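Have a look at the structure below before the remarks.
The values are calculated or read from the model by the stated rules, or taken from the named source; none is laboratory data. Note that this is a predicted model, so its numbers are computed, not measured. Methodologically, a virtual Cβ is constructed for each residue, glycine included, from the backbone with ideal geometry; neighbour enumeration extends over all protein chains shown. Just the protein is used for accessible areas: all its heavy atoms, side chains included, with ligands, DNA and RNA removed. Shrake-Rupley method; radii C 1.70, N 1.55, O 1.52, S 1.80 Å.
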Amino acid sequence: AQSVTQLGSHVSVSEGALVLLRCNYSSSVPPYLFWYVQYPNQGLQLLLKYTSAATLVKGINGFEAEFKKSETSFHLTKPSAHMSDAAEYFCAVNLSWTDKLIFGTGTRLQVFP
Amino acid sequence: AAGVIQSPRHLIKEKRETATLKCYPIPRHDTVYWYQQGPGQDPQFLISFYEKMQSDKGSIPDRFSAQQFSDYHSELNMSSLELGDSALYFCASSLESAQETQYFGPGTRLLVL
């Protein structure tokens with residue numbers, strides 16, 4: 001069975017501070033991993049995805065994530081938070097023999113001025 | 001660039017009524033996925049179609065059915081609606097398989113009264 005765990009349902013940072021959103025997965029085989037962002041009343045937008053080509057993945061809006069197999073983690077980071085980063089962030093996993101994305105419970109990021 | 005189109009964006013129904021949600025994938029995408037996101041929850045996979053055939057099935061109630069048509073658009077039919085069906089319903093599309101990025105539509109917000 002595979003699952004995704006996002007530690008911290010709410011994260012608050014000051015504008016300009018480092019953003020770190022945690023995601024751990026449980027899978028017996030290397031999965032495909034994704035980070036999506038959801039702004040209020042909007043759909044899910046892909047930030048980045050890991051497909052085994054490189055362990056450090058760069059995405060849109062200055063976000064990046066590092067795949068660490070030894071820690072079964074895929075944490076999302078951004079060096080300097082912007083007010084416009086305030087949103088809900090979902091980590092998701094997919095295995096090769098299934099269509100579905102399995103999402104974590106989400107982390108709501110708040111950015112204070 | 002063209003995105004996934006969903007209609008309607010908002011829908012209000014009474015209990016025991018039926019609802020039909022439509023999804024128009026990104027041009028040339030042949031795979032469509034449906035997800036349900038309850039209030040404050042993560043998206044849950046319902047069903048997917050590849051080349052007009054059901055390719056995977058998740059936690060979709062028997063009251064729900066879906067299909068993909070020759071033009072690749074998909075419809076989710078929901079009957080005997082219950083209060084608990086109130087949710088945001090997302091459609092996503094991709095090329096060939098879920099290992100390709102799933103691009104999400106803006107969602108249809110269904111409210112069952």
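Would you list the strands (runs of 3 or more DSSP E) that sit entirely within the stretch B:33-96 and hold 1 or more residues that are modelled with pLDDT under 95 and among the polar types (S, T, N, Q)? Break it down stepwise before answering.
On the way: elements: B:44-50, B:53-57, B:64-68, B:74-78, B:87-94.
Qualifying strands (runs of 3 or more DSSP E): B:44-50, B:53-57, B:87-94.
Scanning the stretch A:13-25 finds no residues that are within 14 Å of chain B (Cβ to nearest Cβ) and small (Gly, Ala, Ser). Restricting attention to the stretch B:12-43, the residues that are surrounded by fewer than 19 Cβ atoms within 10 Å (Cβ to Cβ), closer than 18 Å to B:VAL112 by Cβ and touching a residue at least 60 places away in the same chain (Cβ under 8 Å) add up to 7. For the stretch A:50-71, taking the residues that are among the charged types (D, E, K, R) and under 19 Å from A:THR5 (Cβ atoms), the one that is most open to solvent (accessible area, probe 1.4 Å) is identified as A:LYS69. Of the listed requirements (1) open to solvent by less than 40 Å² (accessible area, probe 1.4 Å); (2) assigned to a strand (DSSP E or B); (3) of a type outside the set (Ser, Thr, Tyr); (4) away from chain B (no Cβ under 14 Å), A:LEU33 misses just one: (4).
Evaluation of A:LEU18 against the conditions (1) more than 27 Å from B:SER7 (Cα to Cα); (2) open to solvent by less than 50 Å² (accessible area, probe 1.4 Å); (3) at pLDDT 90 or above shows that the sole unmet condition is (2). Filtered by the rule that a residue be open to solvent by 60 Å² or more (accessible area, probe 1.4 Å) and either within 13 Å of chain A (Cβ to nearest Cβ) or in contact (Cβ under 8 Å) with a residue 40 or more places away in the chain (or both), the stretch B:44-79 gives B:GLN44, B:TYR50, B:GLU51, B:MET53, B:GLN54, B:LYS57, B:SER59, B:TYR72.
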